[in-house]
Amino acid sequence: MSDTATSSTEAAATTGAPASSATDAPKPRATQNRSTTPASSAFAEYIGSGWADRDETVPEPRDAVASAAAHRQAISDRHPGQRLIVPAGRLKQRSNDTDYPFRAHSAFTQLTGWGSDAEPGSVLVLEPTGNGHEATLFFRERAGRDSDEFYANPEIGEFWIGPRPSLTQVAGDLALPTRHISELRQVLDTLDESTLVVREADPELTAEIDSLRLVQLDDHNADATAEDTDAELARDLSELRLTKNDWEVAELRAAVAATASGFDDIVRELPRVAEHDRGERIIEGVFNARARLDGNAVGYDTIAASGPHACILHWTRNNGPVRPGDLVLIDAGVEVDSLFTADITRTLPVSGMFTPTQRLVYEAVREAADAAYAIVRPGIRFREVHAIAMEVIARRVAEWGMLPVSAEEALQADQQQHRRYMVHGTSHHLGLDVHDCAQARRDFYIDGEVRAGMTFTIEPGLYFQPDDLTVPEEFRGIGVRIEDDILVTETGAENLSIAIPRTADDVEAWIARLR
């Protein structure tokens, strides 16, 4: 990796305003105590001249435009007369002068349609008008080649990160009015009690807005009040995502299809995986390669959990061996460029064949998943999906002699002994976030009515810890989860990931075919 072009002192000199301002240019982080970029006027003049004209083609509006506009209208209807500020977020430091890959906040993508190519530091503002809101997208467009930012700023300079779009190009691409980020100051200077912000998206901007609220509203309770009203905006944005439109469902289908290809890739590599002391990492790498080829990235850290690691629900260290005779649990999802993600789990016998006990556990989990799927239709309560799966789980572990009470007793609200072997829930909503709609109210989510257009997972499991003395020895160290992505239709449900083998017989045939 090349050195940063400017020291922190020089960066401050060339970019001007204090670092605390939301409308400032990004500040390069220093890696050394001296600049390696020539500082002479002759160099600046020469590097700023002799360039071909930039491509100024304005793209046609992208496919996401109609969906984003509908979401903007819906949130506008919920917040008449209130200014709404929705930041994309900023780069997050990984170490010294390196950052994590940027991903825009989901609410920003929801309302703009700007996905994997969104610019860090962008801000969407919905300004109230007499009959709704006027949307404006603020971002820092590319610098002119007569500016030192063009070659000397490694966070936004084109010499460092490549071409960046103009205001006009983004306006055409997203069908949104655009303004330079420096003009956001005019919005902040007129901030009043009606202004709401998505707080978690950009903590620096939120802190600046909170400070302005205290000063401009002259109310020491304004900050606490603002947090409450801001939470209403986050809640409403979450609840608007509880049902997906046709374009969003198509994006989820694309994410599932890419994920299915990634699982095929893993199965093909199982022989190599089993030969390495860190075979779990090979699984992770194989899937991540598919995610980058067919999408933007993984939607979350891949879980590649072999043997007893499969009993650890969020095992992401992925540093263990994958031994023949064991099961390997793989929980993975591709995030496509629109930022919609799949979330799918399959549990595979490393050697290609389940042992009798492994098959018994696996088929019990599949039975629970199938029972939950069978009841999905508009009008049921979301929590019923989990309840049905738990009836199967309780019945099976009781049959195997693992409960101190009967299945019927265990299922009572004040008992729940069977949950020792499955402590997580059976379902969660899915979309731009792998756990989508998380800030929705309980009455709309867990206790809410299932509606057509909802997309969620069904993912029961059984996890018998290797040191759990309540289970027979032959079960210890076995962990199984089967997870599918479900679309609620007008008359029932569709399993979007049904093409990825699920039954024990089909899994064995799948492994035999691809190996």
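The values are calculated or read from the model by the stated rules, or taken from the named source; none is laboratory data. Quick caveat: nothing in here was measured; it's all calculated off a predicted structure. With ideal geometry, Cβ positions are generated from the backbone for all residues, glycine too; neighbour counts draw on all protein chains shown. Surface accessibility is based on the protein's heavy atoms, side chains included, excluding ligands, DNA and RNA. Shrake-Rupley method; radii C 1.70, N 1.55, O 1.52, S 1.80 Å.
General observations
- Local net charge near Arg451, Cβ-Cβ under 13 Å (Lys/Arg +1, Asp/Glu -1): +1
- Expected 222 nm ellipticity per residue - DSSP helices of 4 or more, -39500 (n - 2.57), all of the chain, to 500: -11500 deg cm²/dmol
- Contour minus Cα-Cα distance for Asp447 and Ser41 (0.36 nm per residue): 139.5 nm
- Correct option for semi-axes √(5λ) of the Cα gyration tensor in Å [calculated from the coordinates] among [x] 51, 27, 24; [y] 46, 29, 21; [z] 57, 22, 19: [y]
- Charge dipole of region 370-515 (Cα centre as origin; +1 on each Lys and Arg Cβ, -1 on each Asp and Glu Cβ, all else neutral): 140 debye, rounded to the nearest 20.
- Residues Asp192 and Gln415, FRET efficiency given R0 of 45 Å [Cβ-Cβ distance, rounded to 0.05]: 0.25
- DSSP loop GluC sites (Glu not before Pro) with at most 16 other Cβ within 10 Å excluded, longest remaining stretch of the chain: 276-489
- Taking a Cβ cut-off of under 14 Å around Arg515, the surrounding Lys, Arg, Asp and Glu residues balance to a net charge of -2, with basic ones at +1 and acidic ones at -1.
- Placed amide H near Ile380: partners under 5 Å, 5+ positions off or other chain: Val450
- Cα gyration tensor shape of region 190-335, rounded if a/c is under 1.5, else prolate or oblate by comparing a/b with b/c: prolate
- Per-residue ³J(HN,Hα) for region 383-398, Karplus 6.51 cos²θ - 1.76 cosθ + 1.60, θ = phi - 60°, Hz, x for Gly and Pro: 5, 5, 4, 5, 4, 5, 4, 5, 4, 5, 4, 4, 5, 5, 5, 5
- Treating r as the C-beta distance of Glu473 and Ala250 and R0 as 60 Å, the FRET efficiency rounds to 0.80.
- For the chain, the fraction of 1.4 Å probe accessible surface lying on carbon and sulfur atoms is 49 percent.
- Fully extending the segment from Glu158 to Asp117 would add 13.3 nm, taking 0.36 nm per residue of separation and subtracting the current Cα-Cα distance.
- Between Glu141 and Ile181, the built amide H atoms are under 5 Å apart, and every one of these is 5 or more places off in sequence or on another chain.
- For region 443-450, the Karplus equation 6.51 cos²θ - 1.76 cosθ + 1.60, evaluated at θ = phi - 60°, returns couplings of 5, 9, 10, 4, 9, x, 7, 6 Hz by residue, with Gly and Pro reported as x.
- Backbone geometry of region 133-143 corresponds, through the Karplus equation with coefficients 6.51, -1.76 and 1.60 at θ = phi - 60°, to 3J(HN,Hα) couplings of 9, 10, 8, 9, 9, 9, 7, 8, 6, 4, 7 Hz, x marking Gly and Pro.
- In this structure the chain gives 44 Å² per residue of accessible area when probed at 1.4 Å with all protein chains present.
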